[in-house]
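Quick notes on the structure that follows.
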There are 2 protein chains.
Amino acid sequence: MIKDPSEFRREAHRMADRIADYFEEIGSYPVKSQVKPGEILSLLPEQPPALPEEIQDIMADFERVIMPGITHWQHPDFHAYFPANSSYASVLAEWLTAALGQQAMIWETSPAATELEERVMQWMKQMFGLPLHWTGVLQDTASASTLAALLTAREKCTGFITNSEGFPSASGLRIYASTETHSSIEKAVKIAGFGRKNLVKVPVDKNFALDAEALEQAIRRDLSEGFTPCCVVATIGTTGSTAVDPVRKTGEICRKYHVWLHIDAAFAGTALILPEMRHFADGLELADSYVFNPHKWMFTNFDASAYYVSDPELLIRTFEILPEYLKTRTRGKVNDYRDWGVALGRRFRALKLWFVIRNFGTEGIRETVRKHLEMASWLSERIGESDDFTLMAPVNFSLVCFRFTPSHIREAEHLNELNQELLARLNSSGKLYLSHTLLNGSYCLRMVTAQTYIGQHHVENAWKIILETSKKLNDEKYMG
Amino acid sequence: MIKDPSEFRREAHRMADRIADYFEEIGSYPVKSQVKPGEILSLLPEQPPALPEEIQDIMADFERVIMPGITHWQHPDFHAYFPANSSYASVLAEWLTAALGQQAMIWETSPAATELEERVMQWMKQMFGLPLHWTGVLQDTASASTLAALLTAREKCTGFITNSEGFPSASGLRIYASTETHSSIEKAVKIAGFGRKNLVKVPVDKNFALDAEALEQAIRRDLSEGFTPCCVVATIGTTGSTAVDPVRKTGEICRKYHVWLHIDAAFAGTALILPEMRHFADGLELADSYVFNPHKWMFTNFDASAYYVSDPELLIRTFEILPEYLKTRTRGKVNDYRDWGVALGRRFRALKLWFVIRNFGTEGIRETVRKHLEMASWLSERIGESDDFTLMAPVNFSLVCFRFTPSHIREAEHLNELNQELLARLNSSGKLYLSHTLLNGSYCLRMVTAQTYIGQHHVENAWKIILETSKKLNDEKYMG
């Protein structure tokens, strides 16, 4: 057992080297873990050890048991889901965060964590061109941010009666989002007690963006039937295809009908650091709340979700509790962030954002994001030129949705099967990792080019592997 | 900007030394930050930097700007709130976690994180003598665990109608907890839509433990008035004074009336590692859900909240969502923990628990916890012997609630003021950090002896400072 700082120092240097080695050799690991269900579990003893074990023995088991079960999210050939990026600067900051072991629930328990959070949230408003009257707070995930938005909308809509008396009988509160909206909306709708049937899924246009006219019709229909429209969730960069809902039109409808507007820009929000991308956010000042995740595309370790609101008093009133043991002499003069979300305990998340923003500089972030957009653009051009592949959605950011469509296959069902098989083969190669989605019933491959340390050659290599693997699959299946 | 692993390696070794230095010199820092509101903020530039800055320049600002605003939660003279413990082993594991940057939302995105979590949750059942039929999952905080409990109870009680249709009209669902219960219960009651007025606060006995007879009366009264008792939250180790609610009696009442029983052992749960402490948990097998936080007293960095349920299917059914982009071939064969709580994204939290349990060994944890209990016992004996101090609650674990009661002061109001002043003086000395609570209207000091690396001399020194400071305060105030 490590018992003093000198033993810690020795192990810390070993760990520093192990981690630097990992970053050096990360490209040599299979991107996606190739283990089978239960394989790791079977290698872990069923009883905990009674006696202390040395860190180096634990590390030996780490290499032997844990590493084969790691899917390398920081691998430059990881193109699945959305990234959960880190960066060298962010990792160092996380080390410091772990060492300080702050509990940033209220100002008094960590003035530095509280005030650094306030400052970096202000910085990010400037960096991303967000409305300057907004106020920001860090949450862990977009799920928590969206839940906060829905709860605040619920309380505003019911005059804070739900918090005090419970969900009003036959309130008929309705939430609206597009059919392409993220699953966390439905989860929040259930948690907050609205009920899934009161989540109105609004149709999308051919670009998978919310149809604003259909939204207004849905609101009007609900009003005529006695429902109470409570909140609209619009997305900048849907998870399926990074579609962008029409923010201004949606905002104008929300203002007209006095409905809360929450914007989910969890992934694509980072792109707003580029002035040329801000047209996607036109009308943002009409929103009541907004979330984007620096832990996705801003090179900052998970978890760090930036949540902005136009009226922090409503947020605080929704979550505030004040037990005796948390009363302090500074209350009212400072931000006590435990009243700004679900959790009471809070990590010192602002530190890693401070490290990332300063070590990259805003120009460094801009440059990296721009490169990612260019890579996606390059890939979509290759797909556009190819006779055997089809682009399945507009490439707004750094996600490309496409599929293998050799001309001899006509039936939709066969194409879906073929692409499922292609994805499985690509991912089991260990050379790259893509994920999938369904767009209009079509099974599509999703390839994201937004890893912190991705280079153009990684994208070119991925495209080469996709071409080879699809050709081989097609030959085996149809030409054999 | 750090651009490659070799630069990272250089900075990593510097950071390792800085952090080892911190642990060496931690005793020399003022425990509680002495800055004033706004002081840190005013030292942070209003604009983010455009150009990249070196890590060493950021670190220089860290020392100059951030460190003075740090309240040192890992300081051995930190006795406030409940601790948010770490340990050398846990910090090293957090470094590795940061480097791997796993996103453990589903098995497929990190088989190792998923299966190691399953194993350490099994280990902890054995370590703490928890019912072996329970199933565990890691949440971030007890707030999230308790919210999960209340939501599952809500769904079970309403036949999953709330999730699908919304909170039923006039459901009259009631939640019960003692007047000493943690604020997170009220927060969860509000979030889940029950409404604060449906949180029935049950009186406590002279030891601040829930009065089981009063609970049964409240349930019977509610039933006769048409309410639906939904969930009881009992606490093992309340935040105010670590009182222990009668688990078996409460459990029997819950069984009798078909009410969900959730046990909050956030802090004191760790003490159950000692067989001689398990009498506090007698009847635990009657509970439907249970939470304890390794990040409080089990030497594991925040956040890590262990949540156990007797029926995982109810939990999963409460939270499950299944969008296309998360469908995998392994579904049903493995645990996809994103369906076990609020958040979709999940950190690799099991790693630090694995490091802590193995590096301490269960005997090492036992020994450390036993020492903490002995220190609290020592302190309570000193207070018992003193003419000027009064013990204000039973010392069940490692928290001592007491106050300064010089015999010449009789009025309750004056005693409260005096102790408020005493606490402010103690904390502004920087030499130690205590917090406070109100027990039966009496303002009490709370001193916890549960820091990972606390020694008997720290407690003796704290007692010496308390004696000196209280004497000086008394002399100045009344003898001047």
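For a quick check of your reading of the model, give me the residue pairs whose first member lies in region A:1-24 and is free of Cβ contacts under 8 Å to residues at least 60 places away in the same chain, whose second is in a helix (DSSP H, G or I) and basic (Lys, Arg), with beta-carbon atoms closer than 8 Å and at least 6 apart or on different chains.
Listed pairs, sorted by first residue: A:Ala16/B:Arg9; A:Asp17/B:Arg9; A:Ala20/B:Arg9.
On the given criteria, is A:Ser224 within 14 Å of another protein chain (Cβ to nearest Cβ) and without any contact (Cβ under 8 Å) to a residue 12 or more places away in the chain? Quick ask: steps written out before the conclusion?
On the way: within 14 Å of another protein chain (Cβ to nearest Cβ): no; without any contact (Cβ under 8 Å) to a residue 12 or more places away in the chain: yes.
No, not satisfied.
Looking only at region B:402-432, which residues are more than 26 Å from B:Tyr29 (Cβ to Cβ) and in a helix (DSSP H, G or I)?
Answer for region B:402-432, where residues must be more than 26 Å from B:Tyr29 (Cβ to Cβ) and in a helix (DSSP H, G or I): B:Ala412, B:Glu413, B:His414, B:Leu415, B:Asn416, B:Glu417, B:Leu418.
Surrounded by fewer than 24 Cβ atoms within 10 Å (Cβ to Cβ), more than 14 Å from every other protein chain (Cβ to nearest Cβ) and either assigned to a helix (DSSP H, G or I) or at pLDDT 95 or above (or both): does that describe A:Asn396? Explain how you work it out, then say what you get.
Details: surrounded by fewer than 24 Cβ atoms within 10 Å (Cβ to Cβ): yes; more than 14 Å from every other protein chain (Cβ to nearest Cβ): yes; either assigned to a helix (DSSP H, G or I) or at pLDDT 95 or above (or both): yes.
Spelling it out, A:Asn396 is indeed surrounded by fewer than 24 Cβ atoms within 10 Å (Cβ to Cβ), more than 14 Å from every other protein chain (Cβ to nearest Cβ) and either assigned to a helix (DSSP H, G or I) or at pLDDT 95 or above (or both).
For the subset of region A:128-140 comprising residues that are within 30 Å of B:Trp340 (Cα to Cα) and touching a helix residue (DSSP H, G or I) at 6+ places or on another chain (Cβ under 8 Å), which member is nearest to the other protein chains (Cβ to nearest Cβ)? Break it down into steps so the answer makes sense when it comes.
Residues of region A:128-140 that are within 30 Å of B:Trp340 (Cα to Cα), as a first pass: A:136-140.
Of the ones still in play, those that are also touching a helix residue (DSSP H, G or I) at 6+ places or on another chain (Cβ under 8 Å) are A:136-139.
Numbers: A:Gly136: 13, A:Val137: 15, A:Leu138: 13, A:Gln139: 10 Å.
Only one residue fits best here, namely A:Gln139.
Of everything in region A:108-121, what is closer than 16 Å to A:Val137 by Cβ, surrounded by fewer than 24 Cβ atoms within 10 Å (Cβ to Cβ) and at the interface with chain B (Cβ under 8 Å from one of its Cβ atoms)? Give them in sequence order.
Result: A:Glu118, A:Arg119.
Let me spell it out: the conditions are (1) part of a loop (DSSP other than H, G, I, E, B); (2) buried (at least 18 other Cβ atoms within 10 Å of the Cβ), and A:Phe8 meets all of them except one. Which number is the exception?
All conditions are met except number (1).
Just one of A:Gly226, A:Gly240, A:Gly251 is in a loop (DSSP other than H, G, I, E, B) and crowded, with 17+ Cβ neighbours inside 10 Å; which is it?
It is A:Gly240.
What is the one condition in (1) buried (at least 19 other Cβ atoms within 10 Å of the Cβ); (2) among the aliphatic types (A, V, I, L, M); (3) free of Cβ contacts under 8 Å to residues at least 24 places away in the same chain that A:Ala218 does not satisfy?
Status for A:Ala218: all satisfied but (3).
Yes/no matrix, rows are residues, columns are (1) touching a Leu at 6+ places or on another chain (Cβ under 9 Å); (2) among the aromatic types (Phe, Trp, Tyr):
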position: B:Phe348; (1), (2): yes, yes
position: B:Leu351; (1), (2): yes, no
position: B:Trp354; (1), (2): yes, yes
position: B:Leu373; (1), (2): yes, no
position: B:Trp378; (1), (2): no, yes
position: B:Glu413; (1), (2): no, no
position: B:Arg425; (1), (2): yes, no
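If A:His79 passes every condition in (1) within 8 Å of chain B (Cβ to nearest Cβ); (2) in contact with a strand residue (DSSP E or B) (Cβ under 8 Å, 6 or more places away or on another chain) but one, which one does it miss?
(1)
Return the pair list, or none, for Cβ contacts closer than 6 Å from residues in region B:88-103 that are more than 7 Å from every other protein chain (Cβ to nearest Cβ) to residues that are of a type outside the set (A, V, I, L, M, F, W, C), at least 6 apart or on different chains.
From region B:88-103, the pairs are B:Ser90/B:Thr300; B:Ser90/B:Asn301; B:Ser90/B:Lys352; B:Ala93/B:Lys352.
Tell me, which residue of region A:15-74 that is more than 7 Å from chain B (Cβ to nearest Cβ) and of a type in the set (Gly, Ala, Ser) is surrounded by the fewest Cβ atoms within 10 Å (Cβ to Cβ)?
Step by step, filter region A:15-74, then rank; the result is A:Ser28.
Scanning for something more than 8 Å from chain A (Cβ to nearest Cβ), part of a helix (DSSP H, G or I) and at pLDDT 95 or above, does region B:169-187 turn up at least one residue?
Initially, region B:169-187 is screened for residues more than 8 Å from chain A (Cβ to nearest Cβ), giving B:172, B:174-181, B:185.
Next, from what is left, pick out any that are part of a helix (DSSP H, G or I): B:185.
Now restrict to residues that are at pLDDT 95 or above: B:185.
The answer is yes; a qualifying residue exists.
Being at negative phi and in contact (Cβ under 8 Å) with a residue 24 or more places away in the chain is the filter here; which residues of region B:184-196 pass it? Lay out the reasoning, then the answer.
Applying the first criterion (at negative phi) to region B:184-196 yields B:184-192, B:194, B:196.
Across region B:184-196, the qualifying residues are B:Ser184, B:Ile185, B:Lys187, B:Ala188, B:Val189, B:Ile191, B:Ala192, B:Phe194.
Any residue at all in region B:304-318 that's in contact (Cβ under 8 Å) with a residue 12 or more places away in the chain and within 9 Å of chain A (Cβ to nearest Cβ)?
Of region B:304-318, the ones in contact (Cβ under 8 Å) with a residue 12 or more places away in the chain are B:304-312, B:314-318.
From what is left, the residues that are within 9 Å of chain A (Cβ to nearest Cβ) are B:305, B:318.
Yes, region B:304-318 contains a residue that is in contact (Cβ under 8 Å) with a residue 12 or more places away in the chain and within 9 Å of chain A (Cβ to nearest Cβ).
If you check every pair at least six apart or on different chains, which have Cβ atoms under 7 Å apart with a residue in region B:369-395 that is within 20 Å of B:Leu439 (Cβ to Cβ) first and a residue that is of a type in the set (A, V, I, L, M, F, W, C) and in a helix (DSSP H, G or I) second?
Listed by first residue and then by second, the contacts come to B:Leu379/B:Val459; B:Leu379/B:Trp463; B:Arg382/B:Trp463; B:Phe389/B:Ile383; B:Leu391/B:Ile383; B:Val395/B:Ala376.
Test each condition in (1) over 20 Å from the mean Cα position of the chain (by Cα); (2) more than 8 Å from chain B (Cβ to nearest Cβ); (3) among the charged types (D, E, K, R) for A:Lys125 and report the one that comes out false.
Condition (1) is where A:Lys125 drops out.
Under the condition of being closer than 19 Å to B:Met298 by Cα and not in a helix (DSSP H, G or I), which residue from region B:323-360 is farthest from the other protein chains (Cβ to nearest Cβ)?
Going through the qualifying residues, I end up with B:Arg349.
Checking the condition surrounded by fewer than 15 Cβ atoms within 10 Å (Cβ to Cβ) and either touching a helix residue (DSSP H, G or I) at 6+ places or on another chain (Cβ under 6 Å) or at pLDDT below 95 (or both), which residue from A:Glu411, A:Glu468, A:Glu460, A:Glu417 passes? Walk me through it before giving the result.
Values: A:Glu468 fails: either touching a helix residue (DSSP H, G or I) at 6+ places or on another chain (Cβ under 6 Å) or at pLDDT below 95 (or both); A:Glu460 fails: either touching a helix residue (DSSP H, G or I) at 6+ places or on another chain (Cβ under 6 Å) or at pLDDT below 95 (or both); A:Glu417 fails: either touching a helix residue (DSSP H, G or I) at 6+ places or on another chain (Cβ under 6 Å) or at pLDDT below 95 (or both).
Only one candidate qualifies: A:Glu411.
The values are calculated or read from the model by the stated rules, or taken from the named source; none is laboratory data. Nothing here was measured: the structure is a model prediction, and the numbers come from that model. Note that each Cβ is placed from the backbone with ideal geometry, even for glycine, and that neighbours are counted across all protein chains shown.
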